[in-house]
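Participant: I have a structure I would like to understand better, so I am pasting it below and will then ask my questions one at a time.
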Amino acid sequence: MNYNQWNNLLGWATFAVALGTYILTVEPTASYWDCSEYIATSAKLQVGHPPGAPFFQMVGAVFAGLAPTVEHIALAVNMMSVLASAFTILFLFWTITRLSKRLLDPKNQGNHNAEIFVAAAVGALGFAFSDSFWFNAVEAEVYAMATCILAVLFWLGLRW
């Protein structure tokens, strides 16, 4: 396999590790802070406290609509944060590999592929398992989606 195939495979593997971990630890109901408000406003498409989070609430309404029963709405909206956080880890992995490859001498890049992938996996999974990120990854908070959007935009900027 070539570098790009390994990069894609290992990126999706880190995504799978993060997704599996977050699914196993997702908050099954509503928490006692802003998460409950975000779940309620997403389910009913209402306005939350200022400054609001309209994109989060619109996407949350889609996830709330996928809930099989009313009792599962909180879990469904929490799963939105799980998916956004797992995608953050995927794009962080790809960002680290792209930056690492650019830092190396072009003549010797083939000799350092293993180091690039190990560095990206350690960096991405280290962030995935950090306390503050994991805590926001398993409940309905805007931070997971905001981090995902930033990770995608940063990766797109590097690609461009």
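The values are calculated or read from the model by the stated rules, or taken from the named source; none is laboratory data. In this text, all values refer to a predicted model and were calculated from it rather than measured experimentally. Here the Cβ positions follow ideal geometry from the backbone for every residue, glycine too, while neighbour counts run over all protein chains shown. Ligands, DNA and RNA are excluded from the accessible area calculation, which covers all protein heavy atoms including side chains. Shrake-Rupley method; radii C 1.70, N 1.55, O 1.52, S 1.80 Å.
Participant: Counting pairs of alpha carbon atoms under 8 Å apart in space and at least six apart in sequence, what relative contact order in percent does the stretch 77-160 give?
Facilitator: Details: 78 pairs, mean separation 45.6, N = 84.
Across the stretch 77-160, relative contact order equals 54 percent.
Participant: A further question on this structure: Given the Cα-Cα distance of Tyr3 and Trp160 and 0.36 nm per residue of separation, how much length would full extension add, in nm? Don't skip to the end; give the middle numbers.
Facilitator: Values: separation 157, 0.36 × 157 = 56.52 nm, distance 1.91 nm.
Taking 0.36 nm per residue and subtracting the Cα distance, the gain is 54.6 nm.
Participant: Counting only C-alpha contacts under 8 Å and six or more residues apart, can you give the relative contact order of the chain as a whole percent? Please report the intermediate quantities before stating the final value.
Facilitator: Details: 200 pairs, mean separation 52.2, N = 160.
Relative contact order of the chain: 33 percent.
Participant: Could you compute how fast the stretch 1-111 diffuses translationally, taking Rh as the Kirkwood radius over C-alpha pairs and applying Stokes-Einstein at 20 °C with viscosity 1.002 mPa s? Give it in µm² per second.
Facilitator: Numbers: Rh = 16.1 Å.
In µm²/s, the coefficient is 133.
Participant: What order do you get for 81-93, 57-69 when each peptide is scored by the mean count of other beta carbon atoms within 10 Å, highest first? Before the final figure, lay out each step's value.
Facilitator: Details: 81-93: 25.0, 57-69: 16.0.
Descending packing order for the listed peptides: 81-93, 57-69.
Participant: Within the accessible area of the stretch 1-107, what % is carbon and sulfur when the probe is 1.4 Å and the other protein chains stay in place? Please list the in-between numbers first.
Facilitator: Values: 4110 of 5980 Å².
Result for the stretch 1-107: 69 percent of the exposed heavy-atom area is carbon or sulfur.
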